[in-house]
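K.L.:
First the structure, then my questions, so here it is.
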Amino acid sequence: MERQEIEDRVRRGVIENLELDRSVTDEEITAEIRRRIFSEARSTPLSVNERLDIEHAVFNSLRRLDLLSDLLADDDVTEIMINGPDNIFIERAGKLQKLDRRFSSADKLSDIIQTIVAANNQMVNESSPIVDTRLADGSRVSIVLPPVSVDTATVTIRRFPKEPYTMDMLVKNGTMTQEIADFLKMLVVAKYTLLIGGGTGSGKTTLLNALTGFIPADERVITIEDSAELKVIGIPNLVRLEARAATLEGKLAVTIRDLLKATLRMRPDRIIVGECRGEETLEMLQACNTGHDGSLTTAHANSPEDMLARLETMVLMGMELPVDAIRRQIAGGIDFFVQVSRMRDRSRKLVAINEVAGMENGQVKLVPIYKYVLEGGRGTWKKVNEISHTDKLAMAGLL
């Protein structure tokens, strides 16, 4: 705690002695910080490393994103959860831990929040206290302010690796076997439509991004997201679209549904939707039923069976349709459900691949192809069926 108290005293001294506006250079601030640290060291012995750490922390708090600067520079940190200026948690290597550091003040945290949203031409305040945005490196940011967040402002940052995961990397870290990776590659190349399901933090977006690496380079691909996160590489004819939230007056919003409608007029070979979560699901299913094979998307669901119910519910958010008609849209538009899950040991696994095998007795029929099975406390992948619809494989010359 003594280190934190020294930081606070140095920071206050710098603020009192310098007018921290644009006329003060970084070099002047650094010199003043060092002078203050030298003064503190007269009464409290400080090692060279401790002095450098304090200098770094104080400078970041005055001119950058405070302790966020260090956390964002640490590639091992995958999630940052800020529950007010004094209560900060991070996820590293799949494990949560509480930081013994804090922001210099609640006002500083508020300033950082405004800096983040302003960089994307967005606003967040008491009248509009919830915003989803992103950082320059693509990290996803969710901000909730009082009075909606009862006690204090909260910021949740989901980070993504600088270099996107490939299927080889997912095989290496045990998310799936090489056999399953080869199977998924075959499905993507043959233009089967895949829907990836899973819970929060299960690796849906990571797998989706990895699958895009199998798309042939001569295709036109359009991605649609709430916040642009996907890093599709190797596709020259790539168009990235991002939804836009409404203004404070409730105007000028551009939804995923709007973007899907526009995309159909842009001659896409494939459509990739970062996540279906509402009324846009009907447009996605219609696109898949009208010649846009090979499309990819994700949705929240705990199992392939749950996904069917979720899809029906999401379609009904946008339009009242007979359930039988919705089920036929699902059966005709989606070829495979791919399920991922976060295990108890914090690892992420592909746990099921189910083929959508048409309709049977008024229900969408799911046939398991691969599944992850726990036996004697250990997990293993088993192939339980062959796919039945091989027409796209034949057209792609993969039979």
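K.L.:
For the chain, what is the percent of antiparallel DSSP beta bridges, rounded to the nearest 5?
P.N.:
So the antiparallel bridges amount to about 70 percent of the total.
K.L.:
Let me spell out the model: positive unit charges on the Cβ of Lys and Arg, negative unit charges on the Cβ of Asp and Glu, origin at the Cα centre of segment 278-391. What dipole size does that give, in debye rounded to 20?
P.N.:
820 debye
K.L.:
Between their Cα atoms, which of Lys172/Lys231; Lys172/Lys349; Lys191/Lys392 are more than 18 Å away from each other?
P.N.:
Lys172/Lys231
K.L.:
Just want the answer: with Cβ charges of +1 for Lys and Arg and -1 for Asp and Glu, which residue in Phe337, Met317, Ser347 is farthest toward the dipole's positive end in segment 298-349?
P.N.:
Most positive-ward Cα: Ser347.
K.L.:
Evaluated at 37 °C with a viscosity of 0.692 mPa s, what Stokes-Einstein diffusion coefficient in µm²/s does segment 1-115 have when Rh comes from the Kirkwood expression over alpha-carbon pairs?
P.N.:
It comes out at roughly 219 µm²/s.
K.L.:
If you don't mind, there's one more thing I want to ask. Taking the Cα centre of segment 126-194 as origin, work out the dipole magnitude from +1 charges on Lys and Arg Cβ and -1 charges on Asp and Glu Cβ, in debye rounded to 20.
P.N.:
180 debye
K.L.:
Stokes-Einstein D for segment 155-287 at 37 °C, 0.692 mPa s, Kirkwood Rh over Cα pairs, in µm²/s?
P.N.:
205 µm²/s
K.L.:
Assuming R0 = 56 Å, what is the FRET efficiency of Thr156 and Ala357, from their Cβ-Cβ distance, to the nearest 0.05?
P.N.:
The formula returns an efficiency of 0.90 here.
K.L.:
About the Cα centre, and with charges only on the beta carbon of Lys, Arg (+1) and Asp, Glu (-1), how big is the dipole of the chain? Nearest 20 debye, please.
P.N.:
780 debye
K.L.:
Moving to a separate point now. What stretch of the chain, leaving out the sites themselves, is the longest with no GluC sites (Glu not before Pro) in a DSSP loop having at most 13 other Cβ atoms within 10 Å?
P.N.:
With GluC sites (Glu not before Pro) excluded where exposed in loops, the chain gives 127-248 as its longest stretch.
K.L.:
If you bin the C-alpha pair distances of the chain every 20 Å from 0, what whole percents do you get?
P.N.:
24, 48, 23, 5, 0
K.L.:
Still on this model: Binning every alpha carbon pair distance of segment 37-95 at 10 Å from zero, what are the percents per bin?
P.N.:
The calculated distribution, bin by bin, is 20, 39, 31, 10, 0.
K.L.:
Between Ala31, Val384, Asn302, whose Cα lies farthest towards the positive end of the dipole of the chain when Lys and Arg beta carbons carry +1 and Asp and Glu beta carbons carry -1, centred on the Cα centre?
P.N.:
Of the options given, the answer is Val384.
K.L.:
How are the C-alpha pair distances of segment 158-212 spread across 10 Å bins, as whole percents from the shortest bin up?
P.N.:
22, 57, 21, 0
K.L.:
Something else about it: Which length gain, in nm to one decimal place, applies between Arg3 and Asp345 when the Cα-Cα distance is subtracted from 0.36 nm times their residue separation?
P.N.:
119.7 nm
K.L.:
In Å and whole numbers, how far do the C-alpha atoms of segment 263-346 stretch along each principal axis, longest first?
P.N.:
In descending order, the Cα extents are 45, 29, 19 Å.
K.L.:
Calculate, for Ile15 and Arg244, the FRET efficiency according to 1/(1 + (r/R0)^6) with r their C-beta to C-beta distance and R0 25 Å; round to the nearest 0.05.
P.N.:
0.10
Read-outs: derived from the displayed coordinates by stated rules, not from any lab. None of these values were measured; they are calculated from a predicted model. Cβ sites come from the backbone with ideal geometry, for glycine too, and all protein chains shown count toward neighbours.
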